[in-house]
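Read the structure below first, then the notes.
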Amino acid sequence: MSAYRLLFFCFAILSFTVGLGAEPTPAKRGTARETRAMPEEPGTTFNSVHVDGPYIAMTFDDGPSATLTSKLLDLLAAHHIKATFFVIGENVAEHPEIVARAAREGHEIGNHSWSHPNFGKMSDESVRRQLQQTDDAIKNATGKRPTLMRPPYGSITAREKRWIHDEFGYDIILWDVDPYDWKRPGPAVVRARILKETRPGSIVLSHDIHPGTIEAMPSTFDELEAKGFKFVTVSELIRMATARPSHPSPQPSGVPASATESPSPTPSPSSSQGG
Ligand SMILES: [Zn+2]
C-alpha cells in the first residue's frame, strides 16, 4: 500500500514539474528557422502577407523629419497612396504636427521605439519604457494608440515578441523588401531594388529621413502603379490576408486563415541594419 502511495506521489510530482515546465518551454523556440517550421504564433509577426490581389504596403521608418516627411506626404497625397510610418518617439515629440497630418490624411502610424535602440540586447524594462513613451507620444499627436510595432533593425527575440504582443497588443511588422536606402545608394538604386523585389503582399521598407529615398519615390510610385500594384496600409494588408496555398506539411489546427506568416527569416542586427 505504501509503495502504491509512493508511486502516486511520484506521479503527482512529475505532473507538477511538467506543468511548470510548460510555461518556459516556448522561450527556447527562439530562432527564425524554428518559426518557419512551427508557426506557433500566427498573426503576431509579419514579413509579408499572403493576399489575393496586387496589394502592397509601403512603410517609412525613423521619422518624422521636418522637411522630408512633409514632402513625402505631399507626394503620397498626389498619388492617393496610403502608407505606414514607423515613427521614432523622440521625433514625434519634436514634430507632433507632422504625425498628426499623416494620420489625418489616412496613413497609419506605428511604434518604432523612442530612440532606436537594439531591443534584442535590452532588458524588458528598458524595452517597455521605449514602447510606452512612444505609444504615449503617438496618442498625444494623433489621438490614437498605435496597433503596430517595428523593432529597430528588425532586432527582437522570440520571447520579446510574445510579451510585447501580450502587453501592448501590437502586431510586429518586419518587411520582405529592403532597398538598403539607409546606405544612401542613390535614388535610381533604391527604385530599382524596390521594383525588382516587390510582389503582391509585400511590406516595403524605406526611411523618410534620407533625401535620396524621397527623391526615388515619385518614379517608384509611378512604376509600381504601372505594374498594377495597389497601396494599402499595413493593417489593411493584414486584414486582407488569405490562407497560403496548400502546403505539403499540414498546418496545425487552430491556425486562423488570416494569420499567415512569411517564411523569410527575421532579420537580425548582424545581417541587416534596416528598419
Ligand atoms: Zn529604424
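What follows draws every value from the coordinates through simple rules; no lab data is involved. Owing to the predicted nature of the structure, the values given are computational and were not obtained by experimental measurement. Reconstructed Cβ throughout: ideal geometry from the backbone, glycine too, with neighbour counts over all protein chains shown.
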- Which FRET efficiency value, to the nearest 0.05, is calculated for HIS79 and GLN132 with the Förster distance at 35 angstrom and r the Cβ-Cβ distance? 0.55
- Message: Give the lysines whose C-alpha is closer than 18 Å to that of LYS121, dropping any in the same chain fewer than 8 places away, or say none.
- Response: LYS28, LYS161
- Tell me, Kirkwood radius of the range 68-125 from alpha-carbon pair distances, in Å? 12.5 Å
- Quick one: P(r) of the range 113-167 from all Cα-Cα pairs, 10 Å bins, percents rounded to integers, in order of increasing distance. 24, 59, 17, 0
- Note on the structure: In nm, the gap between the two label points placed 7 Å beyond Cα toward Cβ at SER123 and GLU225 is 5.1 nm
- Query: Sorting PHE221, PHE46, PHE86, PHE168 on the 10 Å Cβ count, fewest up front, what's the list?
  - Reply: PHE168, PHE221, PHE46, PHE86
- Amide H proximity to PHE85 below 5 Å, modelled H, separation 5+ or other chain, gives PHE60, GLU108, ILE109, GLY110
- Order these peptides, 122-128, 192-198, by their mean beta-carbon neighbour count within 10 angstrom, highest first. 192-198, 122-128
- Fewest-first ranking of PHE231, PHE60, using other Cβ atoms within 10 Å as the exposure measure: PHE231, PHE60
- Working note, the range 99-199: Cα radius of gyration (Å, one decimal) and Dmax (Å, whole number) are 15.2, 42
